[in-house]
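Visitor: Take this structure, written in structure tokens, and hold onto it; I'll ask about it next.
The values are calculated or read from the model by the stated rules, or taken from the named source; none is laboratory data. Keep in mind the model is a prediction, meaning the values are calculated, not measured. We place every Cβ from the backbone using ideal geometry, glycine too, and count neighbours over all the protein chains shown. The accessibility values were calculated without ligands, DNA or RNA, using every heavy atom of the protein model including side chains. Shrake-Rupley method; radii C 1.70, N 1.55, O 1.52, S 1.80 Å.
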Amino acid sequence: MSADRRKPVLVIGLGRFGGAVSRTLERMGHEVLAVDCDAELVQEFAPDLTKVVEADATDEAVLERLGVADFGSAVVAIGTDIEASVLSVLALADLGLTNIWAKATNDKHARILERTGAQHVVFPEQRMGERVAHLLNERLLDFIGFGDEFAIARLKAPEPIVGLPLVSSECRKKFDVTVVGVKRDGENFIHAVPDTIIFPEDELVVSGRIDDIERFSAI
Ligand code: ATP
């Protein structure tokens with residue numbers, strides 16, 4: 001189930017991850033109720049979020065009093081204290097929430113979160129680590145991996161396909177990648193079509209297997 005734009009979102013834990021989730025949700029127009037047991041963090045975030053409460057999120061009775069059962073979605077952003085993370089997810093699931101996102105620090109933690117009631121488990125540090133590794137060689141400008149070795153990346157147009165329409169450079173046949181979009185200096189992204197001609201400074205958005213994207217960026 002996707003989060004309704006107008007429905008309020010509950011965020012448990014205002015560390016770097018939970019803080020970023022909360023601030024972004026507020027900027028997107030959601031009401032955010034954030035819960036953290038650290039009084040200083042509660043004070044720090046109070047001006048920026050709809051409501052910030054100092055409380056122990058593992059306590060189901062406290063969560064119930066906060067009215068969390070009415071929330072469409074919740075994000076449990078506790079990583080280090082695995083017990084607190086799991087007990088918070090359990091309390092939210094017992095209160096009937098059905099769109100619970102939780103941050104995991106390792107595979108076992110993720111499996112416990114899934115069995116406890118989290119519908120979505122994310123690994124922010126691992127994901128960012130993979131991303132930085134792919135961006136390090138500076139051929140890729142942006143990179144999103146989807147698991148199963150598939151990814152979408154943004155890269156400078158490789159020289160051999162410059163000056164040609166995509167239909168002639170045969171990226172799919174020769175390199176096993178699909179050019180999805182093209183960004184030209186000073187213009188917005190356009191969808192790539194067979195007769196799109198690639199210019200020297202163009203940036204491309206391509207999809208494909210990670211190995212194939214890396215190979216294509218180096219031709
Ligand atoms: P990040 O990497 O996002 O900064 P972290 O992994 O370093 O987070 P965590 O231990 O995951 O830090 O804690 C994230 C936040 O969750 C902290 O601000 C902490 O105070 C809060 N927190 C931890 N346990 C609870 C709890 N039982 N109830 C409410 N908040 C909690």
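Visitor: Got a number for residues in segment 61-81 being within 13 Å of the ligand (Cβ to nearest atom) and surrounded by 13 or more Cβ atoms within 10 Å (Cβ to Cβ)? Spell out how you get there, then give the answer.
Guide: Looking only at segment 61-81, we keep the residues that are within 13 Å of the ligand (Cβ to nearest atom), and these are 62-63, 66, 68, 74-81.
Checking which are surrounded by 13 or more Cβ atoms within 10 Å (Cβ to Cβ) leaves us with 62-63, 66, 68, 74-79, 81.
Number of matching residues: 11.
Visitor: While we're on this one: Read through the list (1) under 13 Å from Leu204 (Cβ atoms); (2) assigned to a strand (DSSP E or B), then give the number of the only condition that Pro160 fails.
Guide: (2)
Visitor: With the structure loaded, tell me whether Phe189 is farther than 30 Å from Ile78 by Cβ, of a type outside the set (D, E, K, R) and in contact with a helix residue (DSSP H, G or I) (Cβ under 7 Å, 6 or more places away or on another chain) or whether it fails that test.
Guide: So Phe189 does not fit the description; no.
Visitor: Which residue, of Arg27, Arg115, Arg111, is within 21 Å of the chain's Cα centre (by Cα), more than 13 Å from the ligand (Cβ to nearest atom) and at pLDDT 95 or above? Full working, then the answer.
Guide: On the way: Arg27 fails: at pLDDT 95 or above; Arg115 fails: within 21 Å of the chain's Cα centre (by Cα).
Being within 21 Å of the chain's Cα centre (by Cα), more than 13 Å from the ligand (Cβ to nearest atom) and at pLDDT 95 or above holds for just one of Arg27, Arg115, Arg111, which is Arg111.
Visitor: Which of the residues that make up segment 146-175 are closer than 30 Å to Val121 by Cβ and open to solvent by 50 Å² or more (accessible area, probe 1.4 Å)?
Guide: If we filter segment 146-175 for residues that are closer than 30 Å to Val121 by Cβ, which is where we start, we get 146-155.
Phe146, Asp148, Glu149, Phe150, Ile152, Arg154 - these are the residues of segment 146-175 that are closer than 30 Å to Val121 by Cβ and open to solvent by 50 Å² or more (accessible area, probe 1.4 Å).
Visitor: How many residues are touching a helix residue (DSSP H, G or I) at 6+ places or on another chain (Cβ under 6 Å) and open to solvent by 60 Å² or more (accessible area, probe 1.4 Å) when one looks only at segment 95-109? Walk me through how you get there before you give the answer.
Guide: Restricting attention to segment 95-109, the residues satisfying the condition of being touching a helix residue (DSSP H, G or I) at 6+ places or on another chain (Cβ under 6 Å) are 95-96, 100, 102-104, 109.
From what is left, the residues that are open to solvent by 60 Å² or more (accessible area, probe 1.4 Å) are none.
Within segment 95-109, residues that are touching a helix residue (DSSP H, G or I) at 6+ places or on another chain (Cβ under 6 Å) and open to solvent by 60 Å² or more (accessible area, probe 1.4 Å) number 0.
Visitor: Something else: Please specify each residue of segment 5-18 satisfying the condition of being touching a Phe, Trp or Tyr at 6+ places or on another chain (Cβ under 7 Å) and within 13 Å of the ligand (Cβ to nearest atom).
Guide: Selection gives Leu10, Leu14.
Visitor: Could you check segment 36-49 and list, in sequence order, the residues that are open to solvent by 80 Å² or more (accessible area, probe 1.4 Å), in contact (Cβ under 8 Å) with a residue 12 or more places away in the chain and more than 11 Å from the ligand (Cβ to nearest atom)?
Guide: Once the filter is applied, which keeps residues that are open to solvent by 80 Å² or more (accessible area, probe 1.4 Å), in contact (Cβ under 8 Å) with a residue 12 or more places away in the chain and more than 11 Å from the ligand (Cβ to nearest atom), segment 36-49 yields nothing.
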